[in-house]
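Scroll down for the structure; my scribbles are underneath it.
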Amino acid sequence: MAQPSKERYFDPQALLSEDTLIPTTFRYPVKSLGKALDPTCSSSDLPADHALDLPLWMVAPLQERNIVDANLPGAYSERNRRRADAGASCVNLKGTPYYYDVGLRCSGMLDPEGGQELSRFLRATFAERYQGMLSGSLRALDGAVLQHVLGKLNEEERQLYQAGRVGAARQEQWWAAGGRTAMLMAPLRQQQQQQHAGKRQRVTEAARDKENAR
């Protein structure tokens with residue numbers, strides 16, 4: 001698995017997503033770490049085939065060493081994927097704040113075919129939901145409607161949505177400050193400048209011809 005980039009290392013969102021719990025099963029017994037890894041374990045050792053939810057940052061290196069088998073969290077189950085395929089914009093992702101980031105990380109833990117399938121699903125889901133987010137962020141929504149929209153978005157989507165609303169508000173301010181008039185007048189101003197430049201050039205050439213005629 002590729003090492004995280006420097007930008008990702010210092011990204012708070014990436015750090016928080018790394019704490020997402022991933023269902024795993026230990027392939028081999030683990031000595032002396034039973035209580036440390038699983039407080040409910042009755043022994044100091046974890047037996048083989050012991051199922052345990054571990055944070056994403058821990059699962060990746062353990063799976064690389066063939067110590068655990070990682071399973072997809074319930075949010076990416078076949079049932080939930082079918083629901084998203086039927087209407088991604090209607091699915092509530094608020095309970096999975098880093099749905100896309102974690103999903104892409106999990107796709108790297110699957111076999112090539114399963115990983116590609118999950119990646120395609122995540123891209124299609126995001127594309128459909130992004131259209132709705134973009135449309136909603138450009139409209140002035142009242143409090144109740146806004147809360148309804150935000151209630152279905154996860155943390156990644158909320159950041160995009162808020163960025164869209166900020167951009168729309170700044171555009172409105174620009175229009176109100178005369179930006180639209182300035183934009184419409186720009187071609188006319190450019191034409192006037194070209195006419196003035198041509199006039200100056202003709203006057204200069206006429207003066208030069210008059211001087212040469214003497």
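How about the stretch 1-102: which helices (runs of 4 or more DSSP H) wholly inside it have at least 1 residues that are surrounded by 16 or more Cβ atoms within 10 Å (Cβ to Cβ), touching a strand residue (DSSP E or B) at 6+ places or on another chain (Cβ under 8 Å) and outside the structural domain of Y161 (by TED's automatic domain parsing)? So that I can check it myself, show each step before the final result.
Values: elements: 6-9, 12-17, 34-37, 56-64, 78-87.
Where helices (runs of 4 or more DSSP H) fall fully within the stretch 1-102 and carry at least 1 residues being surrounded by 16 or more Cβ atoms within 10 Å (Cβ to Cβ), touching a strand residue (DSSP E or B) at 6+ places or on another chain (Cβ under 8 Å) and outside the structural domain of Y161 (by TED's automatic domain parsing), they are 34-37, 56-64.
What do you reckon, is E128 out of contact with any helix residue (DSSP H, G or I) (no Cβ under 6 Å at 6 or more places or on another chain), at pLDDT 85 or above and surrounded by 12 or more Cβ atoms within 10 Å (Cβ to Cβ)?
So E128 fails the test.
Do any residues in the stretch 67-84 that are free of Cβ contacts under 8 Å to residues at least 60 places away in the same chain have Cβ atoms under 8 Å from those of residues that are of a type in the set (D, E, K, R), where the two are at least six apart or on different chains, and which pairs are they?
Once the first residue is free of Cβ contacts under 8 Å to residues at least 60 places away in the same chain and sits in the stretch 67-84, its partners that are of a type in the set (D, E, K, R) give I67/R27; V68/R27; D69/R27.
The values are calculated or read from the model by the stated rules, or taken from the named source; none is laboratory data. This one's a predicted model, so the numbers in the text were calculated from it and none came from an experiment. Using ideal geometry, Cβ is built from the backbone for each residue, glycine included, and neighbour counts are taken over all protein chains shown.
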